[in-house]
Amino acid sequence: MEGDELAHDCPCVIGRLHETWYDSWLVDPKVTSALILLKALDLPGLRLGVIPARAELALFPGHAFSIFDSEQVKVETYASGLNITDKAEIAVYEKAFTLLERSAAYGDDARALIEAELHALG
């Protein structure tokens, strides 16, 4: 793997842009976060989706989770982290990700959402 290239495609969806990303106490400062997202849009192999604040949702974006090659899911909750390896439970998270993807904007549309938030931040 050279430089910034990822070993394989890596789809990623970020929860509702304004309410859960920029207003979150977990992300500070807001401008730096937006700039990092803009840079991430250009990473080869990364498909970054952003769920707009007013998107029609097929599923409410609950706790953050990451799926690793259909072998493991790591879930971040308020109280702890979960490590899931049961195939049936992994399938539930894969279905959730598929539903969340439907609400997300990608490419130039995602960039426009992030840039609009940056502009709104002044």
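Among the residues of segment 15-33, which ones are at pLDDT 70 or above and more than 13 Å from the chain's Cα centre (by Cα)? Before you say what the answer is, go through the steps one by one.
We begin by selecting, within segment 15-33, every residue at pLDDT 70 or above; these are 31-33.
Selection gives Val31, Thr32.
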Could you check Val73 against (1) farther than 14 Å from Ala110 by Cβ; (2) modelled with pLDDT under 80 and say which number it fails? (2)
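The values are calculated or read from the model by the stated rules, or taken from the named source; none is laboratory data. From a predicted model like this one, the values you see are computed outputs, not experimental measurements. Here the Cβ is made from the backbone with ideal geometry for all residues, glycine too, and neighbour counts use every protein chain on show.
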